[in-house]
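Before any comments, here is the structure.
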Amino acid sequence: VIAALLQPPKASPAKGAAKNTSAFLLGVLAGLVEGSLENKSIAAVAGGVEAVVAAMKANQQNEEIQERAVEALLRLFREHAAGQRRGKASDAAEALRVAQEVSPERQDLREAAQRAAEALYSGDTFAERVGEMGYGARHSTSTAIPDTAMRSVTLQQVLELQAFIEECLLKYDIVDGSGGSVELETLSMYEVRDFFVLPLTRQSQCSFAELLSQGKQPPTWMVSHWWGTPFPLTVRMLQLQARSRHLHAAASVTYWCDAFANNQWSIQEFDEADVLRFPFARAMLSQSCMGTVLLCDPEVTALLRTWCVFEAHV
């Protein structure tokens, strides 16, 4: 279907037939990708978004082609980050703007084009809607844990967060401060905080651990790490450590991790003259804590960070 759309029309006196064929192919493409992430991914790799945008630009006054193309883009962009990225790169926003002006009396076409544009940039409003999603709705109520040193998270809770993040990054093209797309393979803890922890805790203004837990969770291990380490690598290292030390009970092992234990909305927890009274130090020195887990990337960047060296010393 995509190859046929990209193929230049053959010279023929029946120009209307060629346009009807394009409209038909656009309708077929829209049907194929509806509700199928796999088909959306295949279409994106094959240049489906670019083909649809090209058809729109080549037939700006053809109402039928514009209508079918808008519907195809809506389905290619809806909850599909790869399609959204390709749409932005191929200037789909301009094509959708033009489509809204083809037939001013067609309110349905204008509204469909607007919905497609919203789907194209749905990653921009992700933070506003994250609390309404399944994971956010399940963790919408916080439980106060006054002692920050008792705000550990279990390995299972970390895995559930990672699964949610992976799902979101497949569905929404979230853009970072430099204009690039946030991707799972390079996702840092800074981005986990900015795009997930802060939006999820905005309403409660609490730590992330207080959203996940029903009460205090004493730490079994203290996590010492560099926030720039890719989050998937961090999770894999925690899995390895938990399985090697706790075997079948790995899922319930608790880790004190600053990004989740500290309230990212407030620095009051650091109003201590004695650094050993800081939350991380109290977690490390608590009776339940067996030790410190130092997580390192291939360059062992953690040991170039003053805090990590200090944590290893304590």
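The values are calculated or read from the model by the stated rules, or taken from the named source; none is laboratory data. Keep in mind the model is a prediction, meaning the values are calculated, not measured. Note: ideal-geometry Cβ built from the backbone for every residue, glycine included; neighbour counts use all protein chains shown. These accessible areas exclude ligands, DNA and RNA; they are computed on the full protein's heavy atoms, side chains included. Shrake-Rupley method; radii C 1.70, N 1.55, O 1.52, S 1.80 Å.
Scanning the range 229-267 for residues that are surrounded by 15 or more Cβ atoms within 10 Å (Cβ to Cβ), under 23 Å from residue 306 (Cβ atoms) and among the small types (Gly, Ala, Ser) yields 259, 261. Given the structure, is residue 253 on the phi > 0 side of the Ramachandran plot and β-branched (Val, Ile, Thr)? Against the criterion (on the phi > 0 side of the Ramachandran plot and β-branched (Val, Ile, Thr)), residue 253 does not qualify.
Counting residues in the range 259-273 that are of a type in the set (Phe, Trp, Tyr) and within 14 Å of residue 153 (Cα to Cα) gives one or more.
Out of all the residues in the range 92-107, is one or more among the small types (Gly, Ala, Ser), assigned to a helix (DSSP H, G or I), surrounded by fewer than 17 Cβ atoms within 10 Å (Cβ to Cβ) and at pLDDT 95 or above?
For the range 92-107, residues among the small types (Gly, Ala, Ser), assigned to a helix (DSSP H, G or I), surrounded by fewer than 17 Cβ atoms within 10 Å (Cβ to Cβ) and at pLDDT 95 or above: present.
Within the range 24-37, residues that are modelled with pLDDT under 95 have Cβ atoms under 9 Å from residues that are crowded, with 20+ Cβ neighbours inside 10 Å and acidic (Asp, Glu) in these pairs: 26/67; 26/71; 27/71; 30/71, counting only partners at least 6 apart in sequence or on another chain. Considering only residues that are out of contact with any Phe, Trp or Tyr (no Cβ under 7 Å at 6 or more places or on another chain) and acidic (Asp, Glu), look in the range 268-296 and name the one that is most open to solvent (accessible area, probe 1.4 Å). Only one residue fits best here, namely 271. Residues of the range 201-211 that are open to solvent by 20 Å² or more (accessible area, probe 1.4 Å) and not hydroxyl-bearing (Ser, Thr, Tyr): 202, 203, 205.
Restrict the check to the range 116-125 and report whether at least one residue is at pLDDT 95 or above, surrounded by 14 or more Cβ atoms within 10 Å (Cβ to Cβ) and not in a helix (DSSP H, G or I). Checked the range 116-125: at least one residue is at pLDDT 95 or above, surrounded by 14 or more Cβ atoms within 10 Å (Cβ to Cβ) and not in a helix (DSSP H, G or I). Of all residues assigned to the range 260-275, at least one qualifies as being small (Gly, Ala, Ser) and part of a helix (DSSP H, G or I).
Listed by first and then second residue, the pairs with beta-carbon distance under 7 Å, at least 6 apart or on different chains, first residue in the range 292-314 and more than 9 Å from residue 225 (Cα to Cα), second among the acidic types (Asp, Glu), are 292/311.
Checked against the criteria, residue 130 counts as closer than 30 Å to residue 70 by Cα, in contact (Cβ under 8 Å) with a residue 60 or more places away in the chain and under 13 Å from the mean Cα position of the chain (by Cα). Does the range 68-89 include one or more residues that are over 26 Å from residue 238 (Cα atoms), modelled with pLDDT of 95 or more, among the β-branched types (Val, Ile, Thr) and open to solvent by less than 10 Å² (accessible area, probe 1.4 Å)? Within the range 68-89, one or more residues are over 26 Å from residue 238 (Cα atoms), modelled with pLDDT of 95 or more, among the β-branched types (Val, Ile, Thr) and open to solvent by less than 10 Å² (accessible area, probe 1.4 Å). Considered as a group, the residues in the range 196-229 that are in a loop (DSSP other than H, G, I, E, B) and among the small types (Gly, Ala, Ser) include one that is farthest from residue 133 (Cα to Cα), and that residue is 228. Picking from residues in the range 140-195 that are in a loop (DSSP other than H, G, I, E, B), open to solvent by less than 30 Å² (accessible area, probe 1.4 Å) and not hydrophobic (A, V, I, L, M, F, W, C), the one that is nearest to residue 268 (Cα to Cα) is 152.
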